[in-house]
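The values are calculated or read from the model by the stated rules, or taken from the named source; none is laboratory data. Since the structure is predicted, the reported quantities are computational estimates derived from the model, not experimental observations. As a convention, Cβ positions derive from the backbone with ideal geometry for all residues, glycine included, and neighbour counts pool all protein chains shown. Heavy atoms of the whole protein, side chains included, go into the accessibility calculation; ligands, DNA and RNA do not. Shrake-Rupley method; radii C 1.70, N 1.55, O 1.52, S 1.80 Å.
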Amino acid sequence: MKRILLINPSGTEQSGYSNPPLGLLYLGGTLLKGGFEVRVIDGCVAGDGALEKSLAEFRPHIAGITCLTPARKRALDVARRAKGFDKNILTVLGGVHPTIMYDQILGTYDFVDVAVLGEGERAFLEIAQGLPLSGITGIAYRGKDGIVKTPPRVYEKDLDNIPFPAWHLLDLKKYPARGLGIVNGIDLAREPRVSVVFSRGCTGHCDFCSTWRIWRGWRHRSPTNMADEIEILYRDFGMRHFCFADDSLTVDKNSILGLCREIVSRKLRIAFHATTRTDLVDEELLRAMKEAGCYNIAFGIETSSPELLKRIGKNNTISASERAISLCHKIGIRSTALIIAGGVGETWETINETAAFLRRIRPDEVGSVGGLWVLPGTRLYKDCVAKGLIDDDFWLGDDPYLLYTVEHSPEALYKMRDRVSNYDTLFSRVAARVRRILKWNV
Ligand code: SF4
């Protein structure tokens, strides 16, 4: 039986946290159903040395590696080591970076054999089944006469047809807790948090984001199918703390209302975090989400300037953001405002306006990295290439991403970030935090 090792490279934690690698677990579910022997290593938990140990013990025929743009060098290092261990191992990269930069990867790194482009479950299964690569849609590989990209794969129309992630391939209790406070009797600071996903893609078309291009729109699972998976995680794995990894969870209000009803009627006492757009929530929906265990929603607000929203292609309004945060306060769901400080067209005037806006709406948290990341596959990247600010060779280097510094220096961008993060006096922010903690510990 063919053995397949799926690897999330070490050092890919975000802000010191890591969730179980959901994409690999989805591949695992499909491959196990296809009759293959599968192991998953998450380098973030198992450590870097786990790779050689697994290669020696498991002796895989195929190594499947997650490759995101900022951590691409880690993924390439894993592929190089797998190939170095045994040149017969077929190395397959999947994820956002190879989906867009497959040509450069296959043309530069001879230890990478195949790139899976976009949705990977069925393409990877066909690779494992040994189908001729030329007949597998949605991949790229090195052929006799150069790099071959096969026709785009038609994505699975009904996400319920995709097998559940193979959760049992990892020890979920090893994942770190994340959060503060007690929700539904669950101590967020102690309970490991796992990601699940209800939908793929987004209905937005923001200039700095490639999600909508990679997923070609938005698809979702049925509420029952999603609740079935949560119930398995709850009853069989003891999971209580969840993060919906969707880019935009609430695109279809009725489906989320249905999901919340399922969670409540099955008596799944959970706490969950979600991300969505401010124009995709209303009071009825937020009340249902709160009842089902939602304690925090991150909203991509980006800026309080309508002009800048237009310039970054974010089709949303400031009043929608104001309303969403105010509803969260009313209903008792924490809100995180995700802000781009120093994006296209930003000035100190617009930054000060955004800080004043935040003082008015008072989200529970502000998330801002300072500056705008320029990533391949986005309209912003194309613009920057056209202006001669970057070219594809950038991705051969070690920098995780290009910081958009056309209008401001990195130092100014970090000051802008600090201005929005510290949008109020220290005393007001500390007082608000204490009030929140008291409110959450109920
Ligand atoms: S709303 Fe968010 S996920 Fe959707 S395109 Fe914009 S940035 Fe990307």
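Computed values, structure above
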| quantity | calculated |
| --- | --- |
| From K149, K83, K174, residue being under 22 Å from N8 (Cβ atoms) and either of a type in the set (F, W, Y) or at pLDDT 95 or above (or both) | K83 |
| Residues within the stretch 67-112 that are in a loop (DSSP other than H, G, I, E, B) and within 19 Å of K144 (Cβ to Cβ), tallied | 6 |
| Condition met for G388 (assigned to a loop (DSSP other than H, G, I, E, B), away from the ligand (no atom under 14 Å from the Cβ) and surrounded by fewer than 17 Cβ atoms within 10 Å (Cβ to Cβ)) | yes |
| Candidate set from the stretch 17-48 (those that are without any contact (Cβ under 8 Å) to a residue 40 or more places away in the chain and part of a loop (DSSP other than H, G, I, E, B)); member that is farthest from P192 (Cα to Cα) | G35 |
| Residue check, G371 open to solvent by less than 10 Å² (accessible area, probe 1.4 Å) and small (G, A, S) | yes |
| Yes/no for E283 being away from the ligand (no atom under 16 Å from the Cβ) and of a type in the set (D, E, K, R) | yes |
| Unique residue being part of a loop (DSSP other than H, G, I, E, B) and either without any contact (Cβ under 8 Å) to a residue 40 or more places away in the chain or open to solvent by 50 Å² or more (accessible area, probe 1.4 Å) (or both) when the list is P163, P151 | P151 |
| Residue in the stretch 307-319 that is nearest to the ligand (Cβ to nearest atom), counting only those that are crowded, with 16+ Cβ neighbours inside 10 Å and touching a residue at least 24 places away in the same chain (Cβ under 8 Å) | K314 |
| Qualifying residue in the stretch 326-341 (condition: within 16 Å of the ligand (Cβ to nearest atom), assigned to a loop (DSSP other than H, G, I, E, B) and open to solvent by 20 Å² or more (accessible area, probe 1.4 Å)) | yes |
| Residues being over 13 Å from L268 (Cα atoms) and in contact with a Phe, Trp or Tyr (Cβ under 8 Å, 6 or more places away or on another chain) - total across the stretch 279-301 | 1 |
| Some residue of the stretch 324-334 being without any contact (Cβ under 8 Å) to a residue 24 or more places away in the chain and of a type outside the set (S, T, Y) | no |
| Qualifying residue in the stretch 255-272 (condition: touching a Ser or Thr at 6+ places or on another chain (Cβ under 7 Å) and under 25 Å from W212 (Cα atoms)) | yes |
| Among the candidates S304, S265, residue that is over 21 Å from G179 (Cα atoms) and either under 23 Å from the mean Cα position of the chain (by Cα) or open to solvent by less than 20 Å² (accessible area, probe 1.4 Å) (or both) | S304 |
